[in-house]
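> Submitted below is the structure of interest, expressed as structure tokens.
The values are calculated or read from the model by the stated rules, or taken from the named source; none is laboratory data. Computed from a prediction, not measured in an experiment: that's the story for all the values here. Backbone-built Cβ (ideal geometry, glycine too); neighbour counts: all protein chains shown. Just so you know, the surface numbers come from the protein's heavy atoms only, side chains and all, with ligands and any DNA or RNA stripped out. Shrake-Rupley method; radii C 1.70, N 1.55, O 1.52, S 1.80 Å.
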Amino acid sequence: MKIRKEQTVCEWVGVNPSEPLAGTKLGIALSTLGKEPINGLRHKEENGTNGWYIWYGEEQSDDPDFFSPLHVEHVSKYLPQIHEYLSLPAGYRFLIDGNNYEDVWFDGELLNA
């Protein structure tokens, strides 16, 4: 499903935005850059992180070094296509494929991790 651009992602899903705090970090799987689709999920904020983890491609690895930290202030420069999704609150996931497919859903298990 494609979001109508008159709406923000949070308006489309019907949730209040929860912008990541300035200075917080998200996890990005640098080894997957350039693959499709783009996946994101948000846990609760913890220890200077904003809970977001982003990877490209079909598979998320369990390798503890899979994700690298990235300050949220750098997202719009390096990952502009995901910037608008980062206002989704903890417990949400998204998947975009670069071909006008977008999906956003709530996953309560993320709040228990």
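> Please enumerate the residues belonging to region 73-92 that are of a type outside the set (Phe, Trp, Tyr) and either in contact with a helix residue (DSSP H, G or I) (Cβ under 7 Å, 6 or more places away or on another chain) or in contact (Cβ under 8 Å) with a residue 60 or more places away in the chain (or both).
Those that are of a type outside the set (Phe, Trp, Tyr) and either in contact with a helix residue (DSSP H, G or I) (Cβ under 7 Å, 6 or more places away or on another chain) or in contact (Cβ under 8 Å) with a residue 60 or more places away in the chain (or both): VAL75, SER76, ILE82, HIS83, GLU84, LEU86, SER87, LEU88, PRO89, ALA90, GLY91.
> Next up: Taking the condition of being part of a helix (DSSP H, G or I) and open to solvent by 90 Å² or more (accessible area, probe 1.4 Å), how many residues in region 83-107 meet it?
Adding up the residues that qualify gives 1.
> Hey, another quick one. Take region 27-68 and flag every residue that is of a type in the set (A, V, I, L, M, F, W, C), outside any loop (DSSP other than H, G, I, E, B) and open to solvent by 40 Å² or more (accessible area, probe 1.4 Å).
Matches in region 27-68: LEU30 only.
> Hey, another quick one. It is to be established whether one or more residues within region 2-18 are closer than 18 Å to ASP103 by Cβ, among the aliphatic types (A, V, I, L, M), part of a strand (DSSP E or B) and at pLDDT 95 or above.
Checked against the condition, which is being closer than 18 Å to ASP103 by Cβ, among the aliphatic types (A, V, I, L, M), part of a strand (DSSP E or B) and at pLDDT 95 or above, region 2-18 yields no hits at all.
> Name the residues in region 69-82 that are in a helix (DSSP H, G or I) and surrounded by 14 or more Cβ atoms within 10 Å (Cβ to Cβ), would you?
Listed by number, the residues that qualify are VAL72, VAL75, ILE82.
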